[in-house]
Amino acid sequence: QERLVESGGGSVQPGGSLRLSCAVSGGTFSRYAMAWFRQAPGKEREFVAALSSTWKEQYADSVKGRFTISRSNPHFTMTLQMNSLKPEDTAVYYCAARYHDNSVLWQEYDYWGQGTQVTVSS
């Protein structure tokens, strides 16, 4: 059965960088779009970035120019490089997958990791 496992979270000062990874097991997700979502305490889960099976990238406006999504070929891992981090980026970050194309709606993703905490604070 397909599983997603995140790693790479932690604490960093504003302006710093972190790199999150999402490891795929039980399948390659080669025909799946893969995405990152985040959820801060008391807030709804929100879209961060996605990369479709045809390599189409999509980003939330709040992270454009700071975050970069990538995935390996043949699709065993996905990463999120986060630069110029801000306190408002603090959240639990989740990787997710759905068949074929990107979506900004978390309800449309079928597979989820367990989440990894990112804290940006001075």
Once R0 is set to 25 Å, what does the formula 1/(1 + (r/R0)^6) return for the Cβ-Cβ distance between S122 and K43, expressed as a FRET efficiency to the nearest 0.05? 0.75
Debye, to nearest 20: dipole size of the chain, +1 on Lys, Arg Cβ, -1 on Asp, Glu Cβ: 220
Say each of L105 and Q81 gets a label point 7 Å from the Cα, pointing the same way as Cα to Cβ; how far apart are those two points in nm? 3.3
Given q = 0.18 Å⁻¹, what are the Debye log10 I(q)/I(0) values for the chain, with equal point scatterers placed on the Cα positions and solvent ignored? -0.85
For the range 41-122, which chymotrypsin sites (Phe, Trp or Tyr not before Pro) are in a loop by DSSP, counting at most 13 other Cβ atoms within 10 Å? W55
Connecting C-alpha atoms closer than 10 Å in a GNM of the chain, tell me which of D89, D101, D110 has the biggest fluctuation. D110
Name the lysines eligible as straight-distance cross-link partners of K86: C-alpha to C-alpha under 24 Å, and not fewer than 8 places from it in the same chain. K43, K64
For the chain, accessible area per residue (1.4 Å probe, heavy atoms of protein chains only), Å²: 51
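The values are calculated or read from the model by the stated rules, or taken from the named source; none is laboratory data. Predicted model only: the values in this text are computed from it and were never measured. Neighbour counts run over all protein chains shown; Cβ positions are idealised from the backbone, glycine included. To get the accessible areas, we keep the full protein, side chains included, count just its heavy atoms, and leave off ligands, DNA and RNA. Shrake-Rupley method; radii C 1.70, N 1.55, O 1.52, S 1.80 Å.
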